[in-house]
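Heads up: the structure comes next, in structure tokens.
The values are calculated or read from the model by the stated rules, or taken from the named source; none is laboratory data. Being a predicted model, the structure only gives us computed values, none of them experimental. No Cβ is skipped: glycine too gets one built from the backbone with ideal geometry, and neighbour counts run over all protein chains shown. Keep in mind that these areas ignore ligands, DNA and RNA; they rest on the heavy atoms of the full protein, side chains included. Shrake-Rupley method; radii C 1.70, N 1.55, O 1.52, S 1.80 Å.
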Amino acid sequence: MKNNPIEDIYCWLVREGVKRFNDIISEIIRYETPPGVLVKVRVIMVDGSFLDIYWSPTGRYSLHYERRHINGRLYRHDNAPHPKHSHVRTYPKHYHNGNEDNVVESCLPDKPVKAVEEFLKTIREIVKSKLKRSTE
């Protein structure tokens with residue numbers, strides 16, 4: 001049986017990630033199929049935004065950071081091989097930067113836990129900048 005990267009990500013989040021990113025992480029939620037197989041992790045941020053993490057044993061992934069309910073923006077790293085994104089140098093890896101149509105290179109690490117950690121650093125910058133502006 002193949003290792004399940006989403007389980008590794010979840011374990012890292014609850015053991016290490018929540019400590020390293022305690023300034024932005026509010027809650028971590030597991031989503032499982034009825035037999036108890038983890039299929040998605042949702043990380044809720046202190047400002048109400050959230051990161052949905054999907055990572056299959058076959059290597060397909062989506063790290064979707066949702067802010068549309070706050071400011072109309074979304075950010076997503078994924079490797080779905082959409083032909084319309086084949087012009088991106090890192091194809092099939094690509095990054096939706098702010099909206100669905102602004103697609104650029106994704107330079108996330110290939111290792112699942114490292115990829116989530118790097119994306120959380122970006123999310124921290126976004127959350128902190130928005131929180132700072134709202135208090136000024």
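If Pro112 satisfies every condition in (1) without any contact (Cβ under 8 Å) to a residue 60 or more places away in the chain; (2) of a type outside the set (Asp, Glu); (3) touching a strand residue (DSSP E or B) at 6+ places or on another chain (Cβ under 9 Å) but one, which is the exception?
Just one mismatch for Pro112, condition (1).
Tell me the strands (runs of 3 or more DSSP E) entirely within the range 28-117 that contain at least 1 residues that are in contact with a Pro (Cβ under 8 Å, 6 or more places away or on another chain). Explain how you work it out, then say what you get.
Values: elements: 38-45, 50-55, 61-67, 73-78, 94-98.
It comes to 50-55, 61-67.
Considering only residues that are touching a strand residue (DSSP E or B) at 6+ places or on another chain (Cβ under 9 Å) and open to solvent by less than 50 Å² (accessible area, probe 1.4 Å), look in the range 57-71 and name the one that is farthest from Tyr91 (Cα to Cα). Let's see the steps before the verdict.
Keep residues of the range 57-71 that are touching a strand residue (DSSP E or B) at 6+ places or on another chain (Cβ under 9 Å), which gives 60-68.
Filter once more, so that each one left must be open to solvent by less than 50 Å² (accessible area, probe 1.4 Å): 61-67.
Values: Tyr61: 13, Ser62: 14, Leu63: 16, His64: 17, Tyr65: 20, Glu66: 22, Arg67: 25 Å.
Here the answer is Arg67.
Please pick out the residue among Arg42, Arg68 that is closer than 19 Å to Ile24 by Cα and within 11 Å of the chain's Cα centre (by Cα). It would help to see each step written out before you state the result.
Numbers: Arg68 fails: within 11 Å of the chain's Cα centre (by Cα).
The match here is Arg42.
Within 18 Å of Thr122 (Cα to Cα), crowded, with 19+ Cβ neighbours inside 10 Å and without any contact (Cβ under 8 Å) to a residue 60 or more places away in the chain, is that true of Tyr10? Show your work before the answer.
Values: within 18 Å of Thr122 (Cα to Cα): no; crowded, with 19+ Cβ neighbours inside 10 Å: yes; without any contact (Cβ under 8 Å) to a residue 60 or more places away in the chain: yes.
Spelling it out, it is not the case that Tyr10 is within 18 Å of Thr122 (Cα to Cα), crowded, with 19+ Cβ neighbours inside 10 Å and without any contact (Cβ under 8 Å) to a residue 60 or more places away in the chain.
Cβ-Cβ under 7 Å, sequence separation 6+ or interchain: first residue in the range 116-136 and farther than 13 Å from Val46 by Cα and of a type in the set (A, V, I, L, M), partner surrounded by 11 or more Cβ atoms within 10 Å (Cβ to Cβ) and at pLDDT below 70. Which pairs?
Note: no pairs meet the criteria.
For the range 75-86, which residues satisfy the criterion of being more than 24 Å from Val37 (Cα to Cα) and surrounded by fewer than 16 Cβ atoms within 10 Å (Cβ to Cβ)?
Kept after step one, since they are more than 24 Å from Val37 (Cα to Cα), are these residues of the range 75-86: 75, 81-86.
Once the filter is applied, which keeps residues that are more than 24 Å from Val37 (Cα to Cα) and surrounded by fewer than 16 Cβ atoms within 10 Å (Cβ to Cβ), the range 75-86 yields Pro81, His82, Pro83, Lys84, Ser86.
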